[in-house]
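For reference, the structure is listed below as structure tokens.
Please treat every number below as a calculation from the coordinates, not as lab data. These numbers were taken from a predicted model, which means no experiment stands behind them.
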Amino acid sequence: SVAKNGFEQININYTNDKLQQLYNEMLYAEQEEYRKEFGWQPIEFDTDLKDLLAVIEGKPEGVLPLLDNVCYRQTASDAVFVMELGTYTNSGTPRASTRKTRGIHSIDPDKLKFGLHHAPGPVDYSAKGFVIKNRDILASALELLMVSSSSLCAELFSTPGQKGQTSV
């Protein structure tokens, strides 16, 4: 058990949930083929993660897009992020956690905490450090590499059809 789930853990869990949903969709499709060809009786299991993924990645008020939006502001802070997460949760957006609908199960702005109900079960997160960790300067660094005067850098970091364009 992890003592404190933070920014890195939510990204790991999000990736696991995305992969699980992809696997589930492939399995459903396979079972349908088997049913058609062999009279297979599909195995029923409650692992549809579309609701959870919408809560995490849905725009504009999913957890990650909301974090991105908060990070663009001068007043960005972990407290603002959790408070806004709570505002969306209390505004009628479907985020309730039930057996069939996964989503946000708790928010505590005073302690900078919130919880999500992932595929294996509920996970509580400490939002401390979310804003600073989400402010990634990698994109601007990649842009500089893409237009580098070094032909090697320009070629390695260019997008298809952009090779050979150097200017910096």
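Fully extended, how many nm does the chain gain between residue 106 and residue 9 (0.36 nm per residue separation, minus their Cα-Cα distance)?
Values: separation 97, 0.36 × 97 = 34.92 nm, distance 1.69 nm.
Going from the current span to full extension adds 33.2 nm.
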Give the long-range amide H neighbours of residue 125: residues separated by 5 or more places, or on another chain, with amide H under 5 Å away, using H modelled in the peptide plane at 1.01 Å from N. 114, 115, 116
